[in-house]
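See structure below.
The values are calculated or read from the model by the stated rules, or taken from the named source; none is laboratory data. Keep in mind it's a predicted model, so treat the numbers as computed, not measured. In this analysis, Cβ positions are derived from the backbone assuming ideal geometry, glycine residues included, and neighbour counts consider all displayed protein chains.
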Amino acid sequence: MGAEETHALGYEQVDDDPNVAVLLATMDTTARWQATRRLRAWERQQLRLHDGQRLLDVGCGLGDAALVLAADLGVDGEVVGVDASAEMIAGARSRAHAAGCPMRFVVGDACTLDEPDSSFDVVRSERTLQWLTSPEAAVAEMTRVLRPGGLVSLIDTDWSTFEIDVGDDDLATRVREAMRTERARPSTIGRRLADLVQDLGCELHAQTTATQTWDAWDPDESPAPEGCFTMSSLADDLVDNGQLEGGDRERFVSTIHTAARHGRFSMALTMFAVVASRPR
Ligand SMILES: C[S@@+](CC[C@H](N)C(=O)[O-])C[C@H]1O[C@@H](n2cnc3c(N)ncnc32)[C@H](O)[C@@H]1O
């Protein structure tokens, strides 16, 4: 089985994953998704960053989103990126030379940030809460390090919105049911972002969504739709969830592959974003 075959897009323990190179490369692919670009542009508009501000990116990955925002902070501003993965942090450091302000990238845990209280003007986190056991604890930490009146910005996927259409209603229903069930992690966090910040006493300023769609995919050209998991990995997920018998796994995968080869394939996934402020 090749690396792409086993790749299931799990970001809890990036450094221990045999497919770490695929996980890192996927950050660049998903940064190109139209939905990601739209939400990052929306976030930048909402934040109205200015010279001299300090921004923290929690679960920063390769730091690309922070790198773009750094351009708005001027030479007196600062960006700090925290990520649990040393590989991600090494990648972020190697890209940071292009920044318009000082950038510091450190390995750390979103739920126990090694930063002083009230020390940032803006704290952001993108597509990271879905991998945490306690997103509530992470957002409480983000609020702690935010100055009163500072802004918190969260972007995350909601896997309960995932839809696949290969002209097979039964298959689509099973996938939908599996995706709606939260198991070891908060995979449907997207729709809860607004409640999460408001439960911590923050004032919600704006919220939006963006849907990523895949209208075509050639399984003979690439092992998975752009930036997504393989269909074998999706089948494993359904088996885990009790939506598919182990013996039907191969048939499930080949149904999707055959439909895609005949131009009968589409998928959609919605991401949510909120911007809120810490009370003064
Ligand atoms: C899907 S990636 C998103 C990266 C980046 N925010 C982006 O949008 O390109 C999720 C990131 O969360 C990080 N992560 C997972 N658990 C974490 C934790 N407990 N604390 C900090 N980062 C964590 C992973 O290492 C990974 O870089």
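Can you tell me which of (1) in contact (Cβ under 8 Å) with a residue 12 or more places away in the chain; (2) within 16 Å of the ligand (Cβ to nearest atom) is the one R37 doesn't meet?
Going through (1) in contact (Cβ under 8 Å) with a residue 12 or more places away in the chain; (2) within 16 Å of the ligand (Cβ to nearest atom) one by one, R37 breaks only (1).
For Q53, state whether it is at pLDDT 95 or above and among the polar types (S, T, N, Q). Outline the logic, then answer.
Values: at pLDDT 95 or above: yes; among the polar types (S, T, N, Q): yes.
The answer is yes for Q53.
Do we have any residue at all in the stretch 180-189 that's part of a helix (DSSP H, G or I) and modelled with pLDDT under 95? Show your work before the answer.
Step one: of the stretch 180-189, the residues part of a helix (DSSP H, G or I) are 180.
Checking which are modelled with pLDDT under 95 leaves us with 180.
Yes - at least one qualifying residue is present in the stretch 180-189.
In the stretch 193-202, which residues are loosely packed, with under 14 Cβ neighbours inside 10 Å and touching a residue at least 24 places away in the same chain (Cβ under 8 Å)?
Of the residues in the stretch 193-202, the ones loosely packed, with under 14 Cβ neighbours inside 10 Å are 195, 198-199, 201.
Selection gives Q198, D199, G201.
Would you please list the contacts, defined by Cβ atoms under 8 Å and residues six or more apart or on different chains, that run from a residue in the stretch 14-28 that is assigned to a loop (DSSP other than H, G, I, E, B) to a residue that is surrounded by fewer than 19 Cβ atoms within 10 Å (Cβ to Cβ) and acidic (D, E)?
Close Cβ pairs (under 8 Å, with a partner that is surrounded by fewer than 19 Cβ atoms within 10 Å (Cβ to Cβ) and acidic (D, E)) amount to N19/E4.
Would you mention how many residues in the stretch 214-242 are outside any helix (DSSP H, G or I), of a type outside the set (A, V, I, L, M) and surrounded by 13 or more Cβ atoms within 10 Å (Cβ to Cβ)? Spell out how you get there, then give the answer.
Just the residues of the stretch 214-242 that are outside any helix (DSSP H, G or I), to begin with: 214-230, 242.
Now narrow it down to the ones that are of a type outside the set (A, V, I, L, M): 214-215, 217-223, 225-230, 242.
Now narrow it down to the ones that are surrounded by 13 or more Cβ atoms within 10 Å (Cβ to Cβ): 214, 217, 219, 223, 225-230.
Number satisfying all stated conditions: 10.
Test D57 against the stated conditions and say whether it is in contact (Cβ under 8 Å) with a residue 12 or more places away in the chain and away from the ligand (no atom under 16 Å from the Cβ).
Details: in contact (Cβ under 8 Å) with a residue 12 or more places away in the chain: yes; away from the ligand (no atom under 16 Å from the Cβ): no.
No: the conditions fail for D57.
How about the stretch 243-280: which of its residues are at pLDDT below 95 and either surrounded by 18 or more Cβ atoms within 10 Å (Cβ to Cβ) or closer than 18 Å to R180 by Cβ (or both)?
Q243 - this is the single residue of the stretch 243-280 that is at pLDDT below 95 and either surrounded by 18 or more Cβ atoms within 10 Å (Cβ to Cβ) or closer than 18 Å to R180 by Cβ (or both).
Select from the stretch 243-278 the residues that are part of a loop (DSSP other than H, G, I, E, B) and hydrophobic (A, V, I, L, M, F, W, C) and list them in ascending order. Let's see the steps before the verdict.
Within the stretch 243-278, the first condition is being part of a loop (DSSP other than H, G, I, E, B), and the residues that meet it are 243-245, 262-265, 278.
Hits for the stretch 243-278 are L244, F265.
Is one or more of the residues making up the stretch 123-140 aromatic (F, W, Y) and either surrounded by fewer than 17 Cβ atoms within 10 Å (Cβ to Cβ) or under 18 Å from the mean Cα position of the chain (by Cα) (or both)?
Initially, the stretch 123-140 is screened for residues aromatic (F, W, Y), giving 131.
When the remaining residues are screened for being either surrounded by fewer than 17 Cβ atoms within 10 Å (Cβ to Cβ) or under 18 Å from the mean Cα position of the chain (by Cα) (or both), the result is 131.
Checking the stretch 123-140: at least one residue is aromatic (F, W, Y) and either surrounded by fewer than 17 Cβ atoms within 10 Å (Cβ to Cβ) or under 18 Å from the mean Cα position of the chain (by Cα) (or both).
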